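Please read the structure below before turning to the comments.
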There are 2 protein chains.
Amino acid sequence: MAALRTLNVDLGERSYPIHIGSGLLGQADLLAPFIGGQQVMVVSNETVVPLYMERLLPGLQGFQVQQVILPDGEKYKNLEVLDQIYSALLRHRFDRTCTLLALGGGVVGDMTGFAAASYQRGVDFIQVPTTLLSQVDSSVGGKTGVNHPLGKNMIGAFHQPQVVIADTDTLDTLPDRELSAGIAEVIKYGLINDLDFFTWLEQHIDGLMARDKGLLAEAIERSCADKAAIVAADEKEAGQRALLNLGHTFGHAIETGMGYGAWLHGEAVGAGMAMAARMSHELGWLSEADCDRIDAPLVKAGLPTRPPSGMTPQQFLELMSVDKKVQGGRLRLVLLKGIGGALISGDFPAQALRSTLDAFQQ
Amino acid sequence: MAALRTLNVDLGERSYPIHIGSGLLGQADLLAPFIGGQQVMVVSNETVVPLYMERLLPGLQGFQVQQVILPDGEKYKNLEVLDQIYSALLRHRFDRTCTLLALGGGVVGDMTGFAAASYQRGVDFIQVPTTLLSQVDSSVGGKTGVNHPLGKNMIGAFHQPQVVIADTDTLDTLPDRELSAGIAEVIKYGLINDLDFFTWLEQHIDGLMARDKGLLAEAIERSCADKAAIVAADEKEAGQRALLNLGHTFGHAIETGMGYGAWLHGEAVGAGMAMAARMSHELGWLSEADCDRIDAPLVKAGLPTRPPSGMTPQQFLELMSVDKKVQGGRLRLVLLKGIGGALISGDFPAQALRSTLDAFQQ
């Protein structure tokens, strides 16, 4: 068994550990200390259950365990499917001392977290992320929620898990496309504020894509550490936490414009980061060489570096104006002054955005 | 214009004032200091809008105001109707700096508060309660949420308002039955821990029912002060805050058993308090004379002092077992050791509950 790596996310009384390693599913000693009551509701989806539910359950022996199995996919991340979790909790008479456990990717984690935040005004939850994307991103930081037909992640809450368990064995069954989507978020951490990590990724991108377990564990740990540091400094996204949205404003527009699920979140973020880089270049903040350097690992990871050909600049402008990063009518974007030098800015000529979008249209 | 009474609810950085008095609706100086951005969404219902919307709006001059008008009634306090608020916010492109303003009774307040707690993971809100019940109860303490077909208030969040404005003029148009329902909660504060206030209520119950403005303002202020003190000591209901649920476990069973809306919340709480008193007597904690003393103002306020004749003890036991006050499988109730001496207890023989329910059956 590989060594267990443990990170602590430092949020005062809401602090929690992230355990990363191989063979962690089913280890009761990693779970039991974080379960306050007797009732545990495992929330998962129809794809993950046949792969990992049996491996998880020995870790919950002695508890009163129930399951709710959701349909698989971003398009089910809505209020209607969320209600299936509430109904299961109420049908089984789960009380305020219960714990929800999310076994799955980002959609399962986000929905389970929001159900936990809002069931009886808040109960405990545990994240067991089974995709690379959720291991490096959505299981860290306490953002939970569901989509609305008029905007992604528009309904939700900040709610921190008790513990996160990232078992790298679950990546064995991950489809190639989802591995790539996870790599997009890994690359993001390098771009934001960790040039060392970005350089490491340039060297190891092929090994990561070949699913080298040691390299993956290292990438997950460094990504979580980078994210945890940013979240610890700004839990409720009053300021610097918004750096984590690099590529996301463009990316959300792509996801909404194409319909949820057509592009994976990580794919949209990949294209979104390439677009943010090009716009930074347009503003004179990033060299042409750095743009190319950013594109290179994205391409090696099989990620798009441009928006879908069907989307027009006008569509982008409309979709981006409902994004959460709009404050007081002004669009704020995460842009780059060099690799590892991300910043949040609303202080750019509208023309810079427009010509970036036009350039990708050609 | 009557004197403005102001109470402060002391919750650290989440502290907020409650203003009580006549002619407060439409006073911009009470609202503007508590609105952070430019966008204000007034949430109300089809009954309240024709009565008070025009009186409110001058208080919001200079802001970008939109309205969403919900159907009136407890049966609409659900996820589906909540979605109308989210949709209105998104349609009008409201961002994270927006403020939601609840103009109406407890249902409007609870739903608006939960929409504010969960829209973009949390925005500001203001309570302008227009019923006696919401002025003394649901506008104080930050409990927000919606019902689920399987249980009342099962989905929600703790989210404190920026300010509460209780204009006693809005009570002029309150139906008699809703005035009574509000009085039930007023009596509750006396019973919990304020024998002085209960004695004052015994003397003034007729004047309150005759809608004497001065007496109503006094009753609202004392009720809010009592509730604010309990909430300040225990914001998230880890312990003593549960005292506020006196009469509510029985009451929720009545509301669920009869179908939401058949009995008003305050009516169910009135009967619930009489039932809690009888059970306390059954346990030897409360004299027969005190039971009668508790029933008297309830009767004068036109409130029920016994459960609906159609409900069986078995139905009560089943419905009470899904209540939020159940912990680790044990039902906890708020009971009375004397008037003004409420306590939370799970330490009673099951037979005491059963024989109380049986006694009311006859």
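The values are calculated or read from the model by the stated rules, or taken from the named source; none is laboratory data. Just so you know, these numbers come straight off a predicted model, no measurement behind them. No Cβ is skipped: glycine too gets one built from the backbone with ideal geometry, and neighbour counts run over all protein chains shown.
Determine, yes or no, whether B:Leu70 is more than 26 Å from B:Val231 (Cα to Cα) and within 13 Å of another protein chain (Cβ to nearest Cβ).
The answer is no for B:Leu70.
Is there a residue being touching a helix residue (DSSP H, G or I) at 6+ places or on another chain (Cβ under 6 Å) and facing chain B (nearest Cβ under 10 Å) anywhere in segment A:106-116?
Yes, that holds for at least one residue.
A:Val108: in contact (Cβ under 8 Å) with a residue 24 or more places away in the chain, in a loop (DSSP other than H, G, I, E, B), among the hydrophobic types (A, V, I, L, M, F, W, C) and within 30 Å of A:Gly214 (Cα to Cα), yes or no?
No.
Consider only pairs whose beta carbons are under 8 Å apart and that are at least six residues apart or on different chains; among these, list those whose first residue lies in segment B:183-194 and is touching a residue at least 40 places away in the same chain (Cβ under 8 Å) and whose second residue is surrounded by 24 or more Cβ atoms within 10 Å (Cβ to Cβ) and among the hydroxyl-bearing types (Ser, Thr, Tyr).
Close Cβ pairs satisfying both conditions: B:Glu185/B:Ser223; B:Val186/B:Ser223; B:Tyr189/B:Ser223.
Tell me which residues, restricted to segment B:168-192, are buried (at least 24 other Cβ atoms within 10 Å of the Cβ) and either outside any helix (DSSP H, G or I) or in contact with a Ser or Thr (Cβ under 9 Å, 6 or more places away or on another chain) (or both).
B:Thr170, B:Ala181, B:Gly182, B:Glu185, B:Val186, B:Lys188, B:Tyr189, B:Gly190
Quick one: which residue in A:Gln160, A:Gln127 is in contact with a Gly (Cβ under 8 Å, 6 or more places away or on another chain) and within 14 Å of chain B (Cβ to nearest Cβ)?
Selected residue: A:Gln160, the only one of A:Gln160, A:Gln127 that is in contact with a Gly (Cβ under 8 Å, 6 or more places away or on another chain) and within 14 Å of chain B (Cβ to nearest Cβ).
Take residues that are over 22 Å from the mean Cα position of the chain (by Cα) and within 14 Å of chain A (Cβ to nearest Cβ) and tell me which of the helices (runs of 4 or more DSSP H) falling wholly in segment B:243-324 contain 1 or more.
Where helices (runs of 4 or more DSSP H) fall fully within segment B:243-324 and carry at least 1 residues being over 22 Å from the mean Cα position of the chain (by Cα) and within 14 Å of chain A (Cβ to nearest Cβ), they are B:313-320.
Just one of A:Asn153, A:Asn147 is facing chain B (nearest Cβ under 9 Å), under 22 Å from A:Ala242 (Cα atoms) and in contact (Cβ under 8 Å) with a residue 12 or more places away in the chain; which is it?
A:Asn153
Out of B:Ala102, B:Ala117, I need the residue that is over 24 Å from A:Met320 (Cβ atoms), part of a strand (DSSP E or B), at pLDDT 95 or above and among the small types (Gly, Ala, Ser). Which one?
Exactly one residue qualifies, and that residue is B:Ala102.
State yes or no: is B:Asp95 within 11 Å of chain A (Cβ to nearest Cβ), assigned to a loop (DSSP other than H, G, I, E, B) and either under 20 Å from A:Asn147 (Cα atoms) or touching a Cys at 6+ places or on another chain (Cβ under 7 Å) (or both)?
Considered against the rule, which asks whether it is within 11 Å of chain A (Cβ to nearest Cβ), assigned to a loop (DSSP other than H, G, I, E, B) and either under 20 Å from A:Asn147 (Cα atoms) or touching a Cys at 6+ places or on another chain (Cβ under 7 Å) (or both), B:Asp95 comes out as yes.
Quick one: how many residues across segment B:79-123 are among the basic types (Lys, Arg) and crowded, with 24+ Cβ neighbours inside 10 Å?
The number of residues fulfilling the criteria is 0.
From A:Phe63, A:Phe34, which residue is in contact (Cβ under 8 Å) with a residue 40 or more places away in the chain and of a type in the set (Phe, Trp, Tyr)?
A:Phe34
Conditions tested, residue by residue: (1) in contact with a Gly (Cβ under 9 Å, 6 or more places away or on another chain); (2) under 19 Å from A:Pro304 (Cα atoms); (3) aromatic (Phe, Trp, Tyr).
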| site | (1), (2), (3) |
| --- | --- |
| A:Gly156 | yes, no, no |
| A:Ile165 | yes, no, no |
| A:Val186 | no, yes, no |
| A:Phe250 | yes, yes, yes |
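Could you tell me which of the residues B:Leu82, B:Leu51, B:Leu56, B:Leu90 is within 14 Å of chain A (Cβ to nearest Cβ), hydrophobic (A, V, I, L, M, F, W, C) and touching a residue at least 60 places away in the same chain (Cβ under 8 Å)?
Sole residue among the options that is within 14 Å of chain A (Cβ to nearest Cβ), hydrophobic (A, V, I, L, M, F, W, C) and touching a residue at least 60 places away in the same chain (Cβ under 8 Å): B:Leu82.
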